[in-house]
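Report on the structure given below.
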Amino acid sequence: MESDTPQIIIDPRKFSGQVAVITGAAQGIGEVVSALFAEQGCTVILLDINKEKLEQAEKTLRSNGASVAHRICDITNEDLVRETIDEVVRTFNKIDILAHLAGIYPAKPLLNVTTAEYRRIFQVNMESCFFLTQAVLPHMQRRHYGRIINTASQTMVRPVRGLAVYAASKGAVAAFTRATATEVGPGITANFVSPTLISTPTTQAGEYQKVLFEKVVEEQCVKRVGLARDVAHAIMYIASPEAEFITGQMFDVGGGSFFH
Ligand SMILES: NC(=O)c1ccc[n+]([C@@H]2O[C@H](COP(=O)([O-])OP(=O)(O)OC[C@H]3O[C@@H](n4cnc5c(N)ncnc54)[C@H](O)[C@@H]3O)[C@@H](O)[C@H]2O)c1
């Protein structure tokens, strides 16, 4: 039977005149978020450490007519984050939206995780939120406008073996974002998305992935695999001017997996 699902309408003027910085933009969810902002008229600044993939992502967007630039930036480097954000503001006059998608999620039994690995996970996932928020917020406060969007994970509330440190880092991101919302000031919001298992190049790699996706889909109300575009659409709403009354909140992008 054919579905009666209405078409999703993308308005190319939706974010026109706005500037978004997207981290983790070289691949996966960040790349799709960048494309959806660009499709809706936003100028997108792509941040990542993967030079080759980042340049490719920029090229693809530009060939589709996007207003796009990229910056190689290791988000664990505090000075580099600040310099990059300041330079982007000098070049593009402002940052309306920070969509922070970069993250790592290496799976390993807890007893095998080294201290160095533990620290790296917290640096990439959590410290980066601190650096990016501190760098971007003063610029947003000057204009009394901004949307800060971080990325947590449902693993922080639905435990998964091998991801204890990752889950803890995302729990920290959630708490940090909620608390940040109390200090940002007028016109600025801070929220976070909390996706379930989403199909991206990283989650599709590995022999256990098929079983993992089947198990997760079984637990969802919506019986299909989560896509990067599902997360991107949630982010488009949080990033919009009309979401001005919603801050400090978690946006659960999980196909209803809490209800089982
Ligand atoms: N995919 C999922 O199932 C899922 C579920 C819940 C939450 N998340 C979160 O969503 C975000 C994106 O996930 P994804 O699956 O698209 O990941 P991905 O691995 O496909 O892409 C992550 C990107 O982040 C970049 N990155 C990593 N370390 C960096 C650093 N130090 N500086 C700058 N960039 C860096 C990588 O180069 C890569 O391009 C992550 O924060 C992840 O924790 C993903």
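Only one of HIS100, HIS144 is within 16 Å of the ligand (Cβ to nearest atom) and either surrounded by fewer than 16 Cβ atoms within 10 Å (Cβ to Cβ) or touching a residue at least 40 places away in the same chain (Cβ under 8 Å) (or both); which?
Numbers: HIS144 fails: within 16 Å of the ligand (Cβ to nearest atom).
Going through HIS100, HIS144 in turn, just one is within 16 Å of the ligand (Cβ to nearest atom) and either surrounded by fewer than 16 Cβ atoms within 10 Å (Cβ to Cβ) or touching a residue at least 40 places away in the same chain (Cβ under 8 Å) (or both): HIS100.
Please tell me if THR189 is farther than 20 Å from ILE29 by Cα, touching a strand residue (DSSP E or B) at 6+ places or on another chain (Cβ under 8 Å) and away from the ligand (no atom under 14 Å from the Cβ). I'd like the intermediate steps shown before the answer.
On the way: farther than 20 Å from ILE29 by Cα: yes; touching a strand residue (DSSP E or B) at 6+ places or on another chain (Cβ under 8 Å): yes; away from the ligand (no atom under 14 Å from the Cβ): yes.
For THR189, the condition - farther than 20 Å from ILE29 by Cα, touching a strand residue (DSSP E or B) at 6+ places or on another chain (Cβ under 8 Å) and away from the ligand (no atom under 14 Å from the Cβ) - is met.
Results for (1) of a type outside the set (Gly, Ala, Ser); (2) within 21 Å of the chain's Cα centre (by Cα), shown as yes or no for each residue.
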| residue | (1), (2) |
| --- | --- |
| GLY171 | no, yes |
| ILE188 | yes, yes |
| PRO201 | yes, yes |
| LYS210 | yes, no |
| VAL216 | yes, yes |
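Pairs needed: first member in the stretch 204-222, part of a helix (DSSP H, G or I); second member anywhere, of a type outside the set (S, T, N, Q) and surrounded by 14 or more Cβ atoms within 10 Å (Cβ to Cβ); C-beta distance under 7 Å; at least 6 residues apart or different chains.
From the stretch 204-222, the pairs are LEU212/LEU197; PHE213/LEU197; PHE213/VAL225; VAL216/LEU197; VAL217/VAL225.
How many residues, within the stretch 142-193, are touching a Cys at 6+ places or on another chain (Cβ under 6 Å) and farther than 23 Å from ALA228 by Cβ?
Just the residues of the stretch 142-193 that are touching a Cys at 6+ places or on another chain (Cβ under 6 Å), to begin with: 150, 173, 176.
Retained after the next criterion (residues that are farther than 23 Å from ALA228 by Cβ): 176.
The total comes to 1.
Scan (1) of a type in the set (D, E, K, R); (2) assigned to a helix (DSSP H, G or I); (3) loosely packed, with under 14 Cβ neighbours inside 10 Å for the single condition ARG229 breaks and write down its number.
Going through the list (1) of a type in the set (D, E, K, R); (2) assigned to a helix (DSSP H, G or I); (3) loosely packed, with under 14 Cβ neighbours inside 10 Å, ARG229 breaks only (3).
Specify which of the listed residues (ILE198, ILE238) is touching a residue at least 24 places away in the same chain (Cβ under 8 Å), within 16 Å of the ligand (Cβ to nearest atom) and within 19 Å of GLN18 (Cβ to Cβ). Working first, answer last.
On the way: ILE198 fails: within 19 Å of GLN18 (Cβ to Cβ).
From the options ILE198, ILE238, the qualifying one is ILE238.
Within the stretch 103-124, how many residues are more than 19 Å from the chain's Cα centre (by Cα) and either more than 16 Å from the ligand (Cβ to nearest atom) or in a loop (DSSP other than H, G, I, E, B) (or both)? Don't jump to the end; show me each part of the working.
Here is the first cut: in the stretch 103-124, the residues more than 19 Å from the chain's Cα centre (by Cα) are 107-119.
Next, from what is left, pick out any that are either more than 16 Å from the ligand (Cβ to nearest atom) or in a loop (DSSP other than H, G, I, E, B) (or both): 107-115.
Qualifying residue count for the region: 9.
Kindly indicate whether PHE192 is assigned to a helix (DSSP H, G or I), touching a helix residue (DSSP H, G or I) at 6+ places or on another chain (Cβ under 9 Å) and at pLDDT 95 or above.
On the way: assigned to a helix (DSSP H, G or I): no; touching a helix residue (DSSP H, G or I) at 6+ places or on another chain (Cβ under 9 Å): yes; at pLDDT 95 or above: yes.
So PHE192 does not fit the description; no.
Consider ALA152 against the criteria (1) touching a Ser or Thr at 6+ places or on another chain (Cβ under 8 Å); (2) within 15 Å of the ligand (Cβ to nearest atom); (3) over 25 Å from SER199 (Cα atoms): it satisfies all of them except one. Which criterion is unmet?
Of (1) touching a Ser or Thr at 6+ places or on another chain (Cβ under 8 Å); (2) within 15 Å of the ligand (Cβ to nearest atom); (3) over 25 Å from SER199 (Cα atoms), only one is false for ALA152: (3).
Scan the stretch 147-165 residue by residue and report those that are of a type outside the set (Val, Ile, Thr) and surrounded by fewer than 22 Cβ atoms within 10 Å (Cβ to Cβ). Walk me through it before giving the result.
Going residue by residue through the stretch 147-165, those that are of a type outside the set (Val, Ile, Thr) are 147, 150, 152-154, 156, 158-159, 161-164.
Correct list: MET156, ARG158, PRO159, ARG161, GLY162, LEU163, ALA164.
The values are calculated or read from the model by the stated rules, or taken from the named source; none is laboratory data. Just so it is clear, the model here is predicted, and its values are computed rather than measured. Please note: Cβ atoms are built from the backbone with ideal geometry, for glycine as well, and neighbour counts cover all protein chains shown.
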